[in-house]
1. Which of rounded, prolate, oblate describes the stretch 1-94, given a ≥ b ≥ c as roots of the alpha-carbon gyration tensor eigenvalues and a/c under 1.5 marking rounded, otherwise prolate only if a/b is larger than b/c?
2. Ordered by packing density, taken as the mean number of other Cβ atoms within 10 Å over each peptide's residues, highest first, how do 143-152, 93-102 rank?
3. Sort 79-89, 49-59 by the packing proxy (mean of other Cβ within 10 Å over each peptide's residues), most packed first.
4. Express in nm, to one decimal, how much length is gained between residue 108 and residue 76 on full extension, taking 0.36 nm for each residue of separation and deducting their alpha carbon distance.
5. Each label point is 7 Å from the Cα along the Cα-to-Cβ direction; what then is the distance between the points at residue 151 and residue 68, in nm?
6. For the stretch 88-152, take the alpha-carbon Rg, divide it by the Kirkwood Rh, and send me Rg/Rh.
7. Where does helix 2-64 land angle-wise versus the long Cα axis of the chain, in degrees 0 to 90, nearest 10?
8. Quick check on the chain: of the DSSP beta bridges with both residues there, what percent are antiparallel, nearest 5%?
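Just so it is clear, none of the values below were taken in a lab; they were calculated from the coordinates. None of these values were measured; they are calculated from a predicted model. Don't worry about glycine lacking a Cβ; one is built from the backbone with ideal geometry, like all the others, and counts go over all protein chains shown.
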């Protein structure tokens with residue numbers, strides 16, 4: 001009788017070990033799928049951000065060349081602005097937001113300084129210009145903002 005119990009216990013231990021291994025494998029698969037999903041989301045968001053950058057660069061170019069006063073340019077800007085706004089709404093809908101600088105000050109970890117300029121009227125690390133917007137998803141950094149700051 002004890003021998004049968006020992007065999008039964010041994011079989012149960014083997015079965016439990018197999019089940020635990022299966023559960024661990026499923027857990028690993030789920031974690032891998034979650035990471036893949038996050039990577040795909042991140043890649044998609046970066047693609048949308050690149051389209052937004054293209055619009056912002058084109059708009060900046062048109063204004064710098066003072067082409068925004070021409071009727072044709074105004075029509076083009078109006079048409080593309082609606083697409084731009086749709087992309088911005090899509091980002092917001094998915095929890096992705098532009099990094100804001102309420103005090104116009106450098107935020108370490110969220111910015112990459114691409115240039116420094118002196119300005120005795122302003123304190124160091126004041127942002128003079130955001131060259132390329134940065135984005136966050138919740139507290140996760142999607143892309144750093146590229147900025148020009150004051151350095152005296």
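1. Prolate shape, in that a/c is at least 1.5 and a/b is the bigger ratio.
2. On the way: 143-152: 18.5, 93-102: 14.0.
For the peptides 143-152, 93-102, the packing ranking is 143-152, 93-102.
3. Averaged packing, sorted descending, gives the order 49-59, 79-89.
4. Going from the current span to full extension adds 7.8 nm.
5. 3.0 nm
6. Looking at the stretch 88-152, the ratio lands at 1.04.
7. Helix 2-64 sits roughly 10 degrees off the main axis of the chain.
8. Here the antiparallel bridges make up roughly 60 percent for the chain.
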